[in-house]
């Protein structure tokens, strides 16, 4: 039986921990505590070459579980646009460079990604611009290759058209382009942070993972 009282969240971002901890607490009370990678030294970042969002989440979970010696929860996410056959998908962060890391700073990269996406959809009607942010979470334990639990969440919407988008300053990445369903009246970057965190793909995946963990913890 594995000890899940402390789980490493595969991120150095304390905001991710702060976002997910209340979701886990609601399902598990104080039975599970999330900690970030920032509590560990000398970690090397796993190479995310899985080719899919699911595969990269598993790679990170296994890699950091092995290095920290603790159960590790990793997530990977991306934007899936139906009219583009699921692109940018696994390459969402580096869509403008076809998935290659070029050292571009985040604001410049976000702007280039958004410009490329709007260009790719220029001839696509509003009704056919359906899209979703997808998050996959994977839980791994040290010494075990098999993923212990997996969960996913989807944040449905569609990509807006100029001049309606880009709009909003509350988000990042593709948020200023992403009109949130079901009424498409606001972009992800126009939502209040607390509202976005309640309905986002990461929040939904986290809630599903917390339920799976409740079964594991017993």
Would you mind ranking 164, 152 by Cβ crowding within 10 Å, fewest neighbours first? 164, 152
Any chance you could give the angle, 0 to 90 degrees and rounded to 10, that helix 201-217 forms with the longest Cα principal axis of the chain? 20 degrees
Quick one: check the C-alpha center-to-center distance for region 132-189 versus region 26-92, whole angstrom. 15 Å
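To the nearest 0.05, how large is the calculated FRET efficiency for residue 25 and residue 104 if R₀ is 41 Å and r is the Cβ-Cβ distance? It would help to have the intermediate numbers written out before the result.
Numbers: r = 37 Å, r/R0 = 0.90.
The formula returns an efficiency of 0.65 here.
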For residue 13 and residue 97 in one chain, what is 0.36 nm times their gap in residues minus the Cα-Cα distance, to one decimal in nm? 27.8 nm
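Taking the Cβ-Cβ separation of residue 45 and residue 162 as r and a Förster radius of 41 Å, what is the calculated FRET efficiency to the nearest 0.05? Numbers along the way, then the final one.
Working: r = 36 Å, r/R0 = 0.89.
Plugging the Cβ-Cβ distance into 1/(1 + (r/R0)^6) gives 0.65.
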Listing 11, 211 from the residue with the fewest other Cβ atoms within 10 Å to the one with the most, what is the order? 211, 11
With springs only between Cα atoms under 10 Å apart, run a GNM on the chain and tell me which of 163, 14, 71 wobbles the most. 163
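Treat the count of other C-beta atoms within 10 Å as a stand-in for reagent exposure and order 68, 52 from fewest to most. Walk me through the intermediate numbers first.
Values: 68 18, 52 14.
Going from least to most buried by this count: 52, 68.
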Nearest 10 degrees, 0 to 90: helix 53-68 Cα axis against the chain principal axis: 30 degrees
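Add -39500 (n - 2.57) for each DSSP H run of 4 or more in the chain, then divide by its residues: what number comes out at 222 nm, to the nearest 500 deg cm²/dmol?
Counting only the DSSP helices, I get -10500 deg cm²/dmol.
Bear in mind these aren't lab numbers, they're just calculated from the coordinates by the rules spelled out. Values in this document were obtained by computation on a predicted structure and should not be read as measured data. Every residue, glycine as well, gets a Cβ built from its backbone with ideal geometry; the counts of neighbours run over all protein chains shown.
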